[in-house]
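Written below as structure tokens is the structure these notes are about.
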Amino acid sequence: MRLIVTGAAGFIGSNIIRGLNARGITNIVAVDHLKAGDKFKNLVDLQIEDYVDKANFYDLFANAHYGAVEAIFHEGACSDTMEHDGVYMMQNNYERTCQLHASAQAQGTRLLYASSAATYGNATTFIEDPLYEKPLNVYGYSKLLFDQRMRKLCGPQWNLNTAQVVGFRYFNVYGPQEQHKARMASVAYHQHHQFLDQGRVKLFGGHAGYAAGEQMRDFVHVLDVVAVNLWFFDHPGLSGLFNLGSGRAQPFNDVALSVVNSHRAQTGQSALSLAQAVNQELIEYIDFPVSLRGKYQSFTQANLDKLRAAGCEHAFMDVQTGVRQYIGHLLSQPS
């Protein structure tokens, strides 16, 4: 059984390979683009069969170069929500994924692909339905357009496939192996480094009816994302488009306080309340950026009804548990 993981040196892709390796699966073709050379570090301790640059992969796979491939975990994409080059975004995220899907269906290869909660934009309801899909940027649109294509090609019940097709609408994913993402890394990652460098963490102040630090997102640990991907891998008869978040919206204040208290715990200090952390200037609020006004999701919360109806009962970590685990991992790494 050969598998392919695109975006293999990236955040979610490398964690999926780690999850597969934990099952003893190593015959994996890793696809990525290492122009940013430091990304190779995410592959160093993983077991793979081969590596191919994304510029060569899609045509090779279309020509059945890799023989029988059981499944593709398609995580490769431009995930920078601030990227304004729509031509690049659509070619990279939409057109290549269309080609990959066509090739996979022709060869009977299952496709588990990354969509995004960015497809919902400023919606206040997060259900996998066109009624709630209002992307705020071209990244969100590039993901939505492929989801729409799958709805058309796969049918209302997503059963018009020669092989499984599953799309995952990732919410705010955080966890190990995201260090290469720079400004697009999670708030927990950035706050960890802020605390190391400045002894405090920073959050946006009040905006759009939300008090300082009270904007709410559905934060989901990458290990939970991997677990759900592998659950669907274990259920090849299930296809569809599914939200993949914790189902629990929590304020950015919860993340910040968890970062602060995780650091304090490392030095034997007691946990603080939010008010105490703010009073001690361990949490600092800054003006909401003008550049993000009208382009920012102040609230997200995955509706998991469809995921649960499919039979996936995975229990997701809350922010306090997940961030504490993540900060412990970051502090254990060589500086």
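Read the figures in this text as sums done on the coordinates, not as results from a lab. This structure is a prediction, so every number in the text was calculated from the model and none was measured. Glycine also receives a Cβ, built like all others from the backbone with ideal geometry; neighbour counts cover every protein chain displayed.
Using +1 at the C-beta of Lys and Arg and -1 at the C-beta of Asp and Glu, which of 221, 327, 296 has the Cα lying farthest in the positive direction of the dipole of the range 190-335? Farthest towards the positive end: 296. Only one item in [x] 26; [y] 40; [z] 46 matches percent of Cα pairs over 33 Å apart derived from the coordinates shown, and that item is [x]. With contacts taken as Cα pairs under 8 Å at a separation of at least 6 residues, the chain carries a relative contact order of 17 percent. Magnitude of the charge dipole for the range 234-335, about its Cα centre and with charges confined to Cβ atoms of Lys, Arg (+1) and Asp, Glu (-1), is about 120 debye. Looking at the range 170-323, the pairs of alpha carbons with a distance over 26 Å make up 32% of the total.
Springs between Cα atoms under 10 Å define the GNM used for the chain, and in it the highest mean-square fluctuation of 21, 56, 261 occurs at 56. Ranking 249, 231, 271 by how far each Cα lies toward the positive end of the dipole of the range 202-277 (charges on Cβ) leaves 271 at the top. Shape index of the range 259-312: Rg/Rh, with Rg the Cα radius of gyration and Rh the Kirkwood radius from the inverse mean 1/r over Cα pairs, equals 1.20. How big, in percent, is the set of alpha carbon pairs in the range 39-96 lying more than 16 Å apart? Distances greater than 16 Å cover 58 percent of the Cα pairs. Take the Cβ-Cβ distance between residue 21 and residue 238 as r, set R0 to 22 Å, and report the resulting FRET efficiency rounded to the nearest 0.05. Once the sixth-power term is evaluated, E becomes 0.40. Along its first, second and third principal axes, ordered by size, the range 3-103 spans 40, 30, 19 Å in Cα coordinates. Bridgeable lysines around residue 152 (alpha carbons under 22 Å apart, same-chain partners fewer than 8 residues away excluded): 134, 143, 306.
Annotation for residue 159 and residue 308: the two label points, set 7 Å from Cα along the Cα-Cβ direction, are 2.4 nm apart.
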